[in-house]
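Enquirer: Before I ask anything, let me first share the structure, which is written out below as structure tokens.
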Amino acid sequence: MLNEHLLVTTHGEANSQNIVFWKDYRVTVLKNRLFRIEKNPNKQYRNSATLSVWYRNLPPVQFNSYEKEGKFYVETQQATLILSENREDCRVKLGNKLIKIDNEGNLKGTYRTLDCCDGEDFIQEVWIPDTFDGKVPLGVGVCSTNGVAYFNDANTLSFENGRAIAQRGEGSDEYVFAYGSDYKQAVKALYEITGSTPIIPRYALGNWWSRYHVYTDTEYLRLLNRFEERDIPFTVATIDMDWHYSNSAQIKQLFGKEVDETDMEIWESANPGWTGYSWNKQLFPDYKAFLNKIKQKNYKITLNLHPASGIQFYEDQYEQMADALGVDKNTKKRIKFDFTSDDFINNYFSILHKPYEQDGVQFWWIDWQQGSDSGMEGLDPLWALNHYHYLDNAKNNRNGLILSRYAGIGSHRTPLGFSGDTVISWKTLNFLPYFTSTASNVGYSWWSHDIGGHMGGYTDNELYLRFMQYGVFSPINRAHCSWQPTITKEPWAYTNGAGAISEEFYRLRHKLIPYLYTAANITAKEGEALVQPLYYNWNNPESYTYRNEYTFGSELLVAPITAPAAKDGYARVKGWLPKGVWTDIFTGKRYEVADKKGKRFTFMRTLESVPVFAKEGAILPLSLDKGNSCNNPQNLAIWVYEGNGSYQLYEDNQQQKEGEAVTNFTSNYSVNNGIATQTLRFIASGDEEVIPKNRKITVTFKEIPDGKVAVYKNGKKIKFEDCSSEHMAVNFKCVKDSEYLVKITYQAPDKLQRIKCFAQQVLTKAQYFNDYVHSVFEKVCKCLTVDQYVQIVSQTTLPKAVKEELFEIF
């Protein structure tokens, strides 16, 4: 029997009040806009949970059902399901619109892996179905432009008492999501029947170091020292497969016998030496000391696993595993990998993994590349590995974690996703933003990519930097690459400023952990992903056209740069912004969009930045703590953007399974007789031990260069430190359960004044004759209207790129 912590409770049987029958159909009304349709000539229907769908025991739904003119109607308050004897003639009625249930317009979901992908193109066939056409075959999602999406769960195995059962559904077993353009609710409905996404550990949201390289302990530790010397914060240290003996020839030389490949199936491994559980003592003579030194540097450690080939005779744990499983250890026969066996699973964790976790390994990177056959027809070993590894890791941690490939609908329950070995190319970079945000349509919100690309392709300073910049604004920022000694993601290997700029972005990612961890909490509790397509929030045509743009948490919108710059040094991104005011967090460029349809722009950026926009009234929390600790920050920064807004910062006790705190922020903006007032009000509450004592907070008003500031605690003025530089900023100590108010008053700039400041910024960096640039600026300063500004800039002989940028915000 499986160990208790590897068992989960599911509720597959639906509430009987929500079920109705007609002919060979059984319909379950799960929610007002979510139907389960089973069709089986034998009228045998499945009540058990499946590997994908765990919960059908939802509350009763009010609905009417009746037969009329040979059709069967199931009416809820928000949708009507219309059944016909012929499945192809079934429809859903939303409002006055009849919609065929055929996934026409489906906005797609995600796919198992991007192994061997150059962009959306496979360079060789890996995991490709029979319908392979050379493109990544994204699965269906629960969102559709026509308002109705569905997936068929009939081929998924049943799941009972914590185990997969060799039983599939008979006939069809379809889940119909009739949510129109309310995509967020469609995804939340998916979570209700499949289970929610657990919150991921705080450390996972920092920077990861990973490289497929045969490190020695000394080499690895010196690398970490170098990161520290350059103030590049990493939170996760990955050691790829060469932590263990991985070369068959080396194994024969050391142990006098080759790897046992007897009765080994093709799916078990293309290279049996990839599977291993014994530290390579030639590389790591004292692995425990090595792990301890990494832990002392505040890193969390993950090791790579390729478990397909089982346990070989030379493994340190072979005799113990053989005894536990009743194998004659004297034969030295390979112990086969078998995740259909309770005994194997229990001992796999307790003997092979738990001791290393006690030595310092935090979680495991499950690098399964050996197909979808197991020993039980229909059970994908990848699904089983993900499921049980996550449960085992969560046993002793507040938040469990694995890193592994996607195994189908429901995989969001076992974060994180490892997207595999991609080609180093602009095509790959250009595909990743769309691939990542689209996965939200099937609830899969935590993809981790090989940032920088894994293999092949070509080395290019700009490509490397743009990859790293995208990584900072992706779910997980994990640098990785292949084994060649001439390929690396170490920043100092990239010249002409690319490496130095990337180091700044690594630091920014680390600072963003408070914001990212709050977003992770929102994903777990409210079902909203960190990365979402634009069409989740704005149902405009451009939301679908600009597929690489996405929202990043509640406060930011990102338009990543995924193509090289022109000869003039500017990268150009064609994009769209919704109605409102959007401020670039790097350049300060302010885009005012009055049209409810939004507006198209061409964003121009040099190497130092990417288009990342704070919404009007945005409140952005960051850590100012030094080093690579990812604890709740002693020194907390809050960036405030002009406007009205609110934000709730979430923090918890990472060392224990209990303890939470929230800080509620509210900002308010007003103008009276030309004087603007921007305020930030906040109060922290929750468990005492979560918020650091004597926390210092730095509030920066990002769009205000000068003004008069006052700070109040529970209504009384308090002293503060003025730490203004480019923008007004104050620093002061704060404590839990006290209300603080930071208030700044300043001369409200009009649109023309903002434009003149913007023009000065552009002209100051213009590569052109200084006297002429100065004369243009003098003319700009004398402008009385925006039209005059446009006319003056149009008539100049400034370089084309400079004139383009001067018009960009329009």
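Enquirer: Which residues, counting only those in the stretch 550-569, are among the acidic types (Asp, Glu) and either touching a Cys at 6+ places or on another chain (Cβ under 9 Å) or open to solvent by less than 10 Å² (accessible area, probe 1.4 Å) (or both)? Don't jump to the end; show me each part of the working.
Expert: Of the residues in the stretch 550-569, the ones among the acidic types (Asp, Glu) are 555, 568.
Passing the criteria: only Glu555.
Yes/no matrix, rows are residues, columns are (1) touching a His at 6+ places or on another chain (Cβ under 7 Å); (2) under 30 Å from Ala166 (Cβ atoms); (3) open to solvent by less than 50 Å² (accessible area, probe 1.4 Å); (4) among the acidic types (Asp, Glu):
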{"residue": "Pro60", "(1), (2), (3), (4)": "no, no, no, no"}
{"residue": "Lys71", "(1), (2), (3), (4)": "no, no, no, no"}
{"residue": "Leu83", "(1), (2), (3), (4)": "no, no, yes, no"}
{"residue": "Leu98", "(1), (2), (3), (4)": "no, no, no, no"}
{"residue": "Asp102", "(1), (2), (3), (4)": "no, no, no, yes"}
{"residue": "Ser144", "(1), (2), (3), (4)": "no, no, yes, no"}
{"residue": "Val148", "(1), (2), (3), (4)": "no, no, yes, no"}
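Enquirer: Within the stretch 545-556, identify whether any single residue is among the polar types (S, T, N, Q), at pLDDT 95 or above and assigned to a loop (DSSP other than H, G, I, E, B), and answer yes or no.
Expert: To start, the set of residues in the stretch 545-556 that are among the polar types (S, T, N, Q) comprises 545, 548, 551, 554.
Of the ones still in play, those that are also at pLDDT 95 or above are 545, 548, 551, 554.
Imposing the further condition that a residue be assigned to a loop (DSSP other than H, G, I, E, B) reduces the set to 548, 554.
Yes; the residues of the stretch 545-556 include at least one that is among the polar types (S, T, N, Q), at pLDDT 95 or above and assigned to a loop (DSSP other than H, G, I, E, B).
Enquirer: Something else: Taking the stretch 28-51 on its own, how many of its residues are out of contact with any strand residue (DSSP E or B) (no Cβ under 8 Å at 6 or more places or on another chain) and open to solvent by less than 50 Å² (accessible area, probe 1.4 Å)?
Expert: Qualifying residue count for the region: 1.
Enquirer: While we're on this one: Right, Ser372: part of a helix (DSSP H, G or I), farther than 29 Å from Thr216 by Cβ, small (Gly, Ala, Ser) and open to solvent by 10 Å² or more (accessible area, probe 1.4 Å) or not? Steps first, please.
Expert: Values: part of a helix (DSSP H, G or I): no; farther than 29 Å from Thr216 by Cβ: yes; small (Gly, Ala, Ser): yes; open to solvent by 10 Å² or more (accessible area, probe 1.4 Å): yes.
Taking the combined requirement at face value, the residue does not satisfy it.
Yes/no matrix, rows are residues, columns are (1) under 30 Å from Asn430 (Cα atoms); (2) β-branched (Val, Ile, Thr); (3) in contact with a helix residue (DSSP H, G or I) (Cβ under 9 Å, 6 or more places away or on another chain):
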residue	(1), (2), (3)
Lys71	no, no, yes
Glu75	no, no, no
Leu83	no, no, yes
Glu88	no, no, no
Asn96	no, no, no
Glu120	yes, no, yes
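Enquirer: Please enumerate the residues belonging to the stretch 757-792 that are in contact (Cβ under 8 Å) with a residue 24 or more places away in the chain, buried (at least 17 other Cβ atoms within 10 Å of the Cβ) and not in a loop (DSSP other than H, G, I, E, B).
Expert: Phe758, Ala759, Val762, Leu763, Val773, Val780, Tyr789
Enquirer: For the stretch 697-708, how many residues meet the condition of being outside any strand (DSSP E or B) and open to solvent by 10 Å² or more (accessible area, probe 1.4 Å)? Full working, then the answer.
Expert: Start the filter on the stretch 697-708 by keeping residues that are outside any strand (DSSP E or B), which leaves 702-707.
Then keep just the ones that are open to solvent by 10 Å² or more (accessible area, probe 1.4 Å); that gives 702-703, 705-707.
Number satisfying all stated conditions: 5.
Enquirer: So which residues in the stretch 350-363 are open to solvent by less than 50 Å² (accessible area, probe 1.4 Å) and farther than 23 Å from Tyr299 by Cβ, if there are any at all?
Expert: Ile351
Enquirer: Before we move on, is Thr797 among the β-branched types (Val, Ile, Thr) and assigned to a loop (DSSP other than H, G, I, E, B)? Spell out how you get there, then give the answer.
Expert: On the way: among the β-branched types (Val, Ile, Thr): yes; assigned to a loop (DSSP other than H, G, I, E, B): yes.
Against the criterion (among the β-branched types (Val, Ile, Thr) and assigned to a loop (DSSP other than H, G, I, E, B)), Thr797 qualifies.
Enquirer: Please count how many residues of the stretch 587-628 are under 22 Å from the mean Cα position of the chain (by Cα) and open to solvent by 30 Å² or more (accessible area, probe 1.4 Å). I'd like the intermediate steps shown before the answer.
Expert: Initial filter on the stretch 587-628 (under 22 Å from the mean Cα position of the chain (by Cα)): 609-615, 618-623, 628.
Add one more test, that the residue is open to solvent by 30 Å² or more (accessible area, probe 1.4 Å), and what stays is 615.
Of the residues in that region, 1 qualify.
Enquirer: Which residue is most open to solvent (accessible area, probe 1.4 Å), if the candidates are limited to the stretch 505-542 and must be part of a helix (DSSP H, G or I), in contact (Cβ under 8 Å) with a residue 12 or more places away in the chain and more than 29 Å from Arg413 (Cβ to Cβ)?
Expert: Looking at the filtered set, the residue picked out is Lys511.
Enquirer: Can you pull out the residues in the stretch 390-424 that are of a type outside the set (Lys, Arg), open to solvent by less than 10 Å² (accessible area, probe 1.4 Å) and part of a loop (DSSP other than H, G, I, E, B)?
Expert: Gly400, Leu401, Ile402, Gly410, Pro415, Leu416, Ser419, Gly420
Enquirer: What are the residue pairs meeting all of these: first residue in the stretch 279-296, first residue under 14 Å from Val214 (Cα atoms), second residue assigned to a helix (DSSP H, G or I) and hydroxyl-bearing (Ser, Thr, Tyr), Cβ atoms under 7 Å, and 6 or more apart or on different chains?
Expert: Trp279/Tyr287
Enquirer: Could you check the stretch 443-455 and list, in sequence order, the residues that are in contact with a Cys (Cβ under 9 Å, 6 or more places away or on another chain) and surrounded by 23 or more Cβ atoms within 10 Å (Cβ to Cβ)?
Expert: Going residue by residue through the stretch 443-455, those that are in contact with a Cys (Cβ under 9 Å, 6 or more places away or on another chain) are 450, 452-455.
Result: Asp450, Gly452, Gly453, His454.
Enquirer: Let me ask something else. Within the stretch 793-802, can you find the residues that are of a type outside the set (Val, Ile, Thr) and either surrounded by fewer than 17 Cβ atoms within 10 Å (Cβ to Cβ) or farther than 21 Å from Thr602 by Cβ (or both)? Spell out the reasoning first.
Expert: So the first thing to find is which residues in the stretch 793-802 are of a type outside the set (Val, Ile, Thr), and the list is 794-795, 798-801.
Across the stretch 793-802, the qualifying residues are Ser794, Gln795, Pro799, Lys800.
Enquirer: Kindly list, by first and then second residue, each pair from a residue in the stretch 2-29 that is under 30 Å from Phe344 (Cα atoms) to a residue that is of a type in the set (Lys, Arg) and open to solvent by less than 20 Å² (accessible area, probe 1.4 Å), limited to pairs with Cβ atoms under 6 Å and residues at least 6 apart or on different chains.
Expert: Gly12/Arg56
Enquirer: Any residue in the stretch 578-589 that is under 15 Å from Ile755 (Cα atoms) sitting within a Cβ distance under 6 Å of a residue that is in a loop (DSSP other than H, G, I, E, B) and among the polar types (S, T, N, Q)? List the pairs, counting only those 6 or more apart or interchain.
Expert: Hits for this filter: Thr587/Ser609.
Enquirer: Being assigned to a helix (DSSP H, G or I), open to solvent by 50 Å² or more (accessible area, probe 1.4 Å) and either in contact (Cβ under 8 Å) with a residue 12 or more places away in the chain or closer than 17 Å to Glu219 by Cβ (or both) is the filter here; which residues of the stretch 475-503 pass it? Can you show your working first?
Expert: Restricting attention to the stretch 475-503, the residues satisfying the condition of being assigned to a helix (DSSP H, G or I) are 491-493, 498-503.
Still in the list and also open to solvent by 50 Å² or more (accessible area, probe 1.4 Å): 492-493, 500.
Across the stretch 475-503, the qualifying residues are Trp492, Ala493.
Enquirer: Now for a different question. Of the residues Asn694, Asn673, which single one is at positive phi, surrounded by fewer than 18 Cβ atoms within 10 Å (Cβ to Cβ) and touching a residue at least 40 places away in the same chain (Cβ under 8 Å)?
Expert: Criteria check complete, one pass: Asn694.
Enquirer: At least 2 residues that are under 30 Å from Tyr45 (Cα atoms) in each: list the strands (runs of 3 or more DSSP E) lying fully within the stretch 143-261 that qualify. Show your work before the answer.
Expert: Values: elements: 149-152, 158-160, 163-165, 172-177, 207-209, 236-239.
Correct list: 149-152, 158-160, 163-165, 172-177.
Enquirer: Can you tell me which residues in the stretch 59-75 are under 41 Å from the mean Cα position of the chain (by Cα), over 16 Å from Ala178 (Cα atoms) and among the hydrophobic types (A, V, I, L, M, F, W, C)?
Expert: Residues satisfying the conditions do not exist here.
Enquirer: Now for a separate question. Would you kindly identify the strands (runs of 3 or more DSSP E) lying entirely within the stretch 565-659 that contain at least 3 residues that are at pLDDT 95 or above and not hydrophobic (A, V, I, L, M, F, W, C)?
Expert: Numbers: elements: 571-577, 580-584, 590-593, 599-605, 612-615, 619-623, 635-640, 645-652.
Filter on the stretch 565-659 gives 571-577, 580-584, 590-593, 599-605, 645-652.
The values are calculated or read from the model by the stated rules, or taken from the named source; none is laboratory data. Everything numeric here is computed off the predicted structure, so don't read it as measured data. Heads up, the Cβs are rebuilt from the backbone with ideal geometry, glycines too, and the neighbour counts pull from every protein chain shown. With ligands, DNA and RNA removed, areas are computed over all heavy atoms of the protein, side chains included. Shrake-Rupley method; radii C 1.70, N 1.55, O 1.52, S 1.80 Å.
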